[in-house]
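Everything below concerns the one structure shown next.
The numbers here are math on the coordinates, done by the rules we state, and not lab data. Being a predicted model, the structure only gives us computed values, none of them experimental. As a convention, Cβ positions derive from the backbone with ideal geometry for all residues, glycine included, and neighbour counts pool all protein chains shown.
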Amino acid sequence: MASLKKMRNSWYSRIQKWNGFKQEEHLVPLKTNSKVVARVRHQQVEKVEKDIKDAIDFGGFSFAK
């Protein structure tokens with residue numbers, strides 16, 4: 001399950017994956033400083049979390065402003 005993380009003044013969706021030896025962390029920038037907007041965008045990331053863990057590239061997310 002992905003989690004939200006605030007770094008500096010922006011929100012990120014944090015996805016962790018076990019690679020057999022250690023945890024790897026993948027950060028998806030949500031491009032907002034509002035927690036309310038971040039939670040909505042985080043739900044979109046969670047829908048494709050399995051694909052992100054399987055290393056399928058989406059070419060970036062496009063979040064409408």
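Once the stretch 33-58 is narrowed to residues that are surrounded by 11 or more Cβ atoms within 10 Å (Cβ to Cβ) and aliphatic (A, V, I, L, M), the residue that is farthest from Gln16 (Cα to Cα) is Val37.
For first residues located in the stretch 36-53 and touching a residue at least 40 places away in the same chain (Cβ under 8 Å), partners that are in a helix (DSSP H, G or I) and lie 6+ apart or on another chain with Cβ distances below 8 Å form the pairs Val45/Ile52.
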